[in-house]
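> One structure is given below, represented as structure tokens, and several questions about it will come after.
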Amino acid sequence: VDNEKPVLVGVPANATVECDAIPAAANVTATDNCGAGAVQYSETKADGNCSGNYTLTRTWSVTDIHGNSSSATQVVTVRDTKAPVISCPADVTVNCQDDNSPAATGSATATDNCSTPAITFSDASTKSTDPNIAGFYNYTITRTWTATDVCGNSSSCVQTITVQDITNPVITCPSSVTLSCEADKGTAANGVATATDNCSPVQITSSDVSTQNSDVNNAGHYNYTITRTWRATDVTGNFSECVQTITVIDITKPVITCASNVTVNCQDDKSPAGAGTSTATDNCSPVAITYSDVSTQNSNVNNRAHYNYTITRTWRATDVTGNWSECVQTITVQDITAPVAVCK
């Protein structure tokens, strides 16, 4: 009579292993007192809470030639307890107008022992909420990347993104101009610079350096140059400058009004005090008035033309810069008074 069961040899003990280190099924053999049959193997899987957590039940069985049988079981508990290995993109410095999203600054990568991890990120920024202060354009983004596998194991790394505004505004000056000395030399009349910036609002200011002489009787008070320097400054202090040149000149002649033509007796005062004085106005400076005479008077006192003649008086008005205008006054001198007879 054969009533002894076969004996299974080499059945491994129960084990708990990582999902990437599952052992192969053992090569179990059998012995029997009379003759064992072939060892049969089967395996069942019981899923856990994630794809990396489950249980394998491995069963070996054998029946001898007389129908006596034995079986043995190994339970392999599979666990995913290893966090993914994450690699952060390099720290970067970008301009304030640049794209600072992962598309531009790089994304983390990760590997896992069992599954494909999901990669997420979160940002903490020092950016100000006020667009009128530098901290709105110069700030730091601390980007924390996290890789999480299907069983919830995770690891993180940090990328630092430094945002800065180091670009000067682009400034455009108004055209240089030449003005008459009486013209408005202010910015309202002669143009204001314009500017654009890569990120922030721009403040535009100007400063003047003038070569004007302070003496109103000097030509340099009316002929001079204003060098107007325009500056565009953004919120973070970057600035650009350009120069507008305003040339001031006095090229306008005085306007002269002549004394009227007159006819005087030969004995009358023929000077300006007696015959009249011309007047003049100028657009900018004081005016000096002078005159010169050309006379047709004969030098011979016994000649009629010594008493009947013409004075052509040329008046000239000259401003400080040398511009001048002239006019002519005619003074007709005649002797039309009869002698006074004295009877004895």
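The values are calculated or read from the model by the stated rules, or taken from the named source; none is laboratory data. Values in this document were obtained by computation on a predicted structure and should not be read as measured data. Every residue, glycine as well, gets a Cβ built from its backbone with ideal geometry; the counts of neighbours run over all protein chains shown. Calculation scope for accessible area: heavy atoms of the full protein, side chains included, ligands and nucleic acids excluded. Shrake-Rupley method; radii C 1.70, N 1.55, O 1.52, S 1.80 Å.
> Could you let me know the centre-to-centre spacing of segment 127-147 and segment 69-98, using Cα atoms, in angstrom?
31
> Going from most exposed to least, what order do 137, 41 have by accessible area with a 1.4 Å probe?
Per-residue accessible area, sorted high to low, gives 41, 137.
> How long is the gain from residue 239 to residue 328 if the chain were fully straight, where each residue apart is worth 0.36 nm and the alpha carbon distance is subtracted?
Taking residue 239 through residue 328 to full extension adds about 26.0 nm, to one decimal.
> Still on this structure, please answer the following. Compare the peptides 16-24, 158-166, 237-245 by average per-residue count of other Cβ atoms within 10 angstrom and give them in order, highest first.
158-166, 237-245, 16-24
> I need two numbers for segment 1-60: Rg to one decimal and Dmax as a whole number, Cα atoms only, in Å.
Spelled out, the Cα radius of gyration and Dmax of segment 1-60 are 15.4, 52 Å.
> Under 10 Å, Cα contacts only: if you run a Gaussian network model on the chain, which one of 119, 204, 311 comes out with the highest mean-square fluctuation?
Highest fluctuation among the options: 311.
> At R0 = 45 Å, how high is the FRET efficiency between residue 187 and residue 94 if r is their beta carbon distance? Nearest 0.05 is fine.
After rounding, the FRET efficiency stands at 0.80.
> With runs of 4+ DSSP H residues as the only contributors, calculate the mean residue ellipticity of the chain at 222 nm using -39,500 (n - 2.57) per run, divided by the residue total and rounded to the nearest 500.
So the helix-based figure for the chain works out to -500 deg cm²/dmol.
> In segment 186-287, what percent of the accessible surface is made up of carbon and sulfur (1.4 Å probe, ligands and nucleic acids excluded)?
Carbon and sulfur: 49 percent of the exposed surface of segment 186-287.
> For the chain, report the accessible area per residue in Å² (1.4 Å probe, heavy atoms, rounded to an integer).
Per residue, the chain has an accessible area of 55 Å².
> Sequence neighbours fewer than 8 away in the same chain don't count; with that in mind, list the aspartates and glutamates whose C-alpha is under 20 Å from residue 45.
Those aspartates and glutamates meeting the cut-off are 18, 20, 80.
> Here's another thing I want to ask about it. Quick one: grab Rg to one decimal and Dmax as a whole number for the chain, Cα atoms only, in Å.
55.9, 212
> Over all directions, average the projected area of the Cα convex hull of segment 225-344 and note it in nm².
11.2
> Now for a different question. Accessible area of segment 1-80 with a 1.4 Å probe: how many percent of it is carbon plus sulfur?
48
> Here's a follow-up. For the pair residue 251/residue 7, report the inter-label distance in nm, with labels modelled 7 Å from Cα in the Cβ direction.
Placing both labels 7 Å along Cα→Cβ, they lie 12.7 nm apart.
> Which ³J(HN,Hα) values in Hz, rounded to whole numbers, follow from the phi angles of segment 19-36 under the Karplus curve 6.51 cos²θ - 1.76 cosθ + 1.60, where θ = phi - 60° and Gly and Pro get x?
Coupling constants for segment 19-36: 5, 9, 9, 6, x, 6, 4, 5, 8, 7, 10, 9, 10, 8, 5, 10, x, 7 Hz.
> A further question on this structure: Using the Kirkwood formula over every pair of different C-alpha atoms, what hydrodynamic radius in Å results for segment 130-199?
This gives a value of 17.6 Å.
> On to the next question. Could you state how much accessible area residue 56 has, in square angstrom rounded to the nearest 10, with a 1.4 Å probe and all protein chains kept in place?
Answer for residue 56: close to 10 Å² accessible.
> With a cut-off of 12 Å, note down the residues of segment 239-261 whose backbone N falls inside the zone around a label point 7 Å from the Cα of residue 281 toward its beta carbon.
Of the residues in segment 239-261, 255-257 have backbone N under 12 Å from the label point off residue 281.
> Next question. Of 262, 92, 287, which has the largest mean-square fluctuation in a 10 Å C-alpha GNM of the chain?
262
> Against the empirical 2.2 N^0.38 Å scaling, what ratio does the C-alpha Rg of segment 78-166 come to?
1.32
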